[in-house]
Amino acid sequence: LQVKVGKSQRAALTVDVESGTVTITKRGSGSPEEVIPQDKILQLIKYQSVQSKVRLVYDREPQKSLSRDFVFPSARKREAFCQLLQLMKIQHSNLDEPDLISVYVGTWNMGSTPPPRSLASWLTSRGLGRTQDETTACIPHDIYVIGTQENSLGDREWVEFLRASLKTLMAIDYRVVALQCLWSIKIVVLVKPEHERRISHVHTSSVKTGIANTLGNKGAVGVSFLFNGTSFGFINCHLASGSEKTHRRNQNYSDILRNLVLGDKRLSAFDLTLRFTHLFWFGDLNYRLDMDVQDILAHITKKEFEALLAVDQLTLEREKNKVFLRFSEGDISFPPTYRYERGSRDTYMWQKFKPTGVRINVPSWCDRILWKSHPETHVVCNSYGCTDDIVTSDHSPVFATFEVGVTSQFVPKKAPGSDPEPLACIEWESIEVIVKTASRSKCYIEFHSYCLEEAQRSGENTSQSCDVPGFLKLGWSAKHLPVLNPILPDLEYLGDQHLLLSIKGVDSCESYGECCIAMRSMIGSMAQQFETFLFHRGEETGSMRGWMKVRVPKERRSTRERLYEWISFEEEDAEPAADAPTRPKPPLQRLRYRSRAQRRCQPRPRGDAEPSPAVLSRSRPRSLPEPAAGYTNPAYFIFEGVP
């Protein structure tokens, strides 16, 4: 990789993944200026202000570290360098279980036509948009999840074709974790052989949303599983077609969300999007562009995608909180993937001749990949694009790749002895809830977590008011909230855990809303404030805030840096001193409830898909900005005393 060092010097950087070294060779000099072993690299800082610049901090001699800045020819080359370094760190980490895995997600409407002989560009994320650099394109991913629609191949035939394609490209015999089909809608999950034993609790499900919910021509297929201690969900869907069918698509989404049976059965009462550490939802979502076809074509020719995204139905429906609440999507920098003339990618065939007349199918981003993760987890989208050389269908295949933090099945370092085991405890000082309901029922809170022996519940709420019609404000004091004792008291274990809370009516036991709280930033002797939204069946139904702490016994406070924590992001003006690098502490970013006036002039920060009590200072692929005056839910203003 060619780079600039300092202000003007040019150099070549060589990453040798196998030997675990980075070599810096100045231009014109045949011999290496410096060879840095991987165990001496302390930190990699990506600058957000200069997308092609990176700072490497490393040990040069005992007690002395050095930092050097490198400027790459492009942001893509910088990402390739970072990925190679990350791969090198993983290979030489000596960890029994991974901290970080790479996940590939692909979606393609095959147009009821057999695929071409080679799927190389699709499976290696090459083509248009944010694509993999050639230096990293053939690094095999840990998990491949491939969703197709209008796939006319037989189930086994398709799976074997994918496995053979990956074997040709990667020389690895990928194993099948799951295959789920609903007519021509298929999802296949493949993993590297060494991960097979790490996968457990595999579930599959499908939902029909076609005409009268029976024909199976539209709908969804899903797969969920645990990868060691991390839960994954993947949903591939084909929603209703037609520019005018936005409401039908929204309804399809809602039906799928309510009826897919995935994940831990004990969490079946929770919103589907809260049941997994990481949920990926993709497919031919079929949302169209609301613009005259000639104007769309003119914008595509000039690559003016922002103007088109402003009229993208999915973007608009998400802004209205109708679908995909708190999901994220990578930046779209590739042309609409539908509707092409088959056999080339030069022309959009926007007229469809049917016996009933001519139907207009404006070019649109029908094929999409979105995701939603628990707060304070690590997920980075490294590519999002489409191929430009697979031409058998009227849709182009779409791909996205992700770097995802995973947790191991934790084993305490201290063997159980005769001494009584010290307990960690989760203590609540107070919880305040606002729910969208006309009911005046008393409520209780149910607490679920993998770190608890069993679900726990609170007493009834201690305060109640309804200042705004249609909304109920509830409060719980400390003595009506349970002290929770996790099954293990170790800090390293507890920092990866999440609590799922559900607000339920005492009489009906029906849920008014559910939320997820990350325990990591709640650990300490002082109570911390948390604030988050409540969801139920895909809708936002209120909000919750309170004070809590997670107390960890002194002798169980040891922890270690995760493999993804040595890469950080910062602005140019926040540079660390070159001779004394320190790992930046994640700032606490709490979600604040703002008045209507404040909301009009202040867009939501782009970032975490899920508002969290505290958010790590990693870069996040942007989510949607908040619409200018799109919030009409009074619940968010009661906390600030605004009517």
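The values are calculated or read from the model by the stated rules, or taken from the named source; none is laboratory data. Quantities reported herein were computed from a predicted structural model and do not represent experimental measurements. When we count neighbours, we look across all protein chains shown, and the Cβ atoms used for this are built from the backbone with ideal geometry, even at glycine. The accessibility values were calculated without ligands, DNA or RNA, using every heavy atom of the protein model including side chains. Shrake-Rupley method; radii C 1.70, N 1.55, O 1.52, S 1.80 Å.
Restricting attention to the range 49-84 and to residues that are among the acidic types (Asp, Glu) and without any contact (Cβ under 8 Å) to a residue 60 or more places away in the chain, the residue that is farthest from Gly129 (Cα to Cα) turns out to be Glu61.
Applying a threshold of 9 Å to beta carbon distances and a minimum spacing of six or more residues, or different chains, the list of pairs starting in the range 136-147 at a residue that is in the same structural domain as Ser121 (by the TED database) and farther than 17 Å from Val177 by Cα and ending at one that is among the aliphatic types (A, V, I, L, M) and open to solvent by 10 Å² or more (accessible area, probe 1.4 Å) reads Thr136/Leu84; Thr136/Leu87; Cys138/Leu169; Cys138/Met170; Ile139/Val17; Ile139/Leu84; Ile139/Leu87; Ile139/Met170. Of everything in the range 510-555, what is without any contact (Cβ under 8 Å) to a residue 40 or more places away in the chain and closer than 30 Å to Ser439 by Cβ? Give them in sequence order. The one that is without any contact (Cβ under 8 Å) to a residue 40 or more places away in the chain and closer than 30 Å to Ser439 by Cβ: Glu510. Of all the listed residues (Lys352, Lys372, Lys320, Lys302), the sole one being among the basic types (Lys, Arg), in contact (Cβ under 8 Å) with a residue 60 or more places away in the chain and surrounded by fewer than 19 Cβ atoms within 10 Å (Cβ to Cβ) is Lys320. Within the range 391-408, being aliphatic (A, V, I, L, M), crowded, with 21+ Cβ neighbours inside 10 Å and over 10 Å from Gly106 (Cβ atoms) holds for Val404, Val406.
Filter the range 447-469 down to the residues that are in contact (Cβ under 8 Å) with a residue 60 or more places away in the chain and more than 25 Å from Leu491 (Cβ to Cβ) and list them by number. Result: Asp467, Val468.
Looking at the range 525-555, which of the residues that are under 24 Å from the mean Cα position of the chain (by Cα) and of a type in the set (Val, Ile, Thr) is farthest from Trp428 (Cα to Cα)? Filtering first and then ranking leaves Thr541.
Scanning the range 478-504 for residues that are among the small types (Gly, Ala, Ser) and in contact with a strand residue (DSSP E or B) (Cβ under 6 Å, 6 or more places away or on another chain) yields a count of 2.
Let's see how each residue does on (1) at negative phi; (2) among the polar types (S, T, N, Q); (3) open to solvent by 40 Å² or more (accessible area, probe 1.4 Å):
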position	(1), (2), (3)
Leu119	yes, no, no
Ser125	no, yes, no
Tyr144	yes, no, no
Phe161	yes, no, yes
Leu169	yes, no, yes
His201	no, no, yes
Val223	yes, no, no
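For the range 330-349, the candidate set comprises residues that are in contact with a strand residue (DSSP E or B) (Cβ under 6 Å, 6 or more places away or on another chain) and either among the small types (Gly, Ala, Ser) or modelled with pLDDT under 95 (or both); within that set, the residue that is nearest to Ser231 (Cα to Cα) is Gly330.
Of the residues Ala438, Ala424, the single one that is in contact with a helix residue (DSSP H, G or I) (Cβ under 7 Å, 6 or more places away or on another chain) and either open to solvent by less than 10 Å² (accessible area, probe 1.4 Å) or in the same structural domain as Glu453 (by the TED database) (or both) is Ala424. Just one of the numbered conditions (1) modelled with pLDDT of 95 or more; (2) within 29 Å of Ala455 (Cα to Cα) is not true of Ala269: (1).
With respect to (1) over 18 Å from Ser206 (Cβ atoms); (2) assigned to a helix (DSSP H, G or I), the lone exception for Gln251 is condition (1). Residues that are touching a Pro at 6+ places or on another chain (Cβ under 6 Å), in a helix (DSSP H, G or I) and either without any contact (Cβ under 8 Å) to a residue 12 or more places away in the chain or surrounded by 16 or more Cβ atoms within 10 Å (Cβ to Cβ) (or both) occur at least once in the range 289-297.
Residues satisfying the criterion are absent from the range 73-89 (criterion: in a strand (DSSP E or B), modelled with pLDDT of 90 or more and among the aliphatic types (A, V, I, L, M)). Contact annotation: residue pairs with Cβ atoms under 7 Å, 6 or more positions apart or on different chains, pairing a residue in the range 153-178 that is assigned by the TED database to the domain that holds Pro114 with a partner that is small (Gly, Ala, Ser), are Leu169/Ala120. The condition (being open to solvent by 40 Å² or more (accessible area, probe 1.4 Å) and of a type in the set (A, V, I, L, M, F, W, C)) is satisfied by just one residue among Leu56, Leu42: Leu42.
Spot the failing condition for Ala310; the list is (1) within 27 Å of the chain's Cα centre (by Cα); (2) open to solvent by less than 40 Å² (accessible area, probe 1.4 Å), and only one is missed. Only one criterion in (1) within 27 Å of the chain's Cα centre (by Cα); (2) open to solvent by less than 40 Å² (accessible area, probe 1.4 Å) is unmet by Ala310, namely (2).
In this structure, Lys322 does not satisfy being in a strand (DSSP E or B) and within 24 Å of Asn250 (Cα to Cα). Could you please find all residues in the range 330-344 being farther than 10 Å from Ser393 by Cα and not aliphatic (A, V, I, L, M)? Matches in the range 330-344: Gly330, Asp331, Ser333, Phe334, Pro335, Pro336, Thr337.
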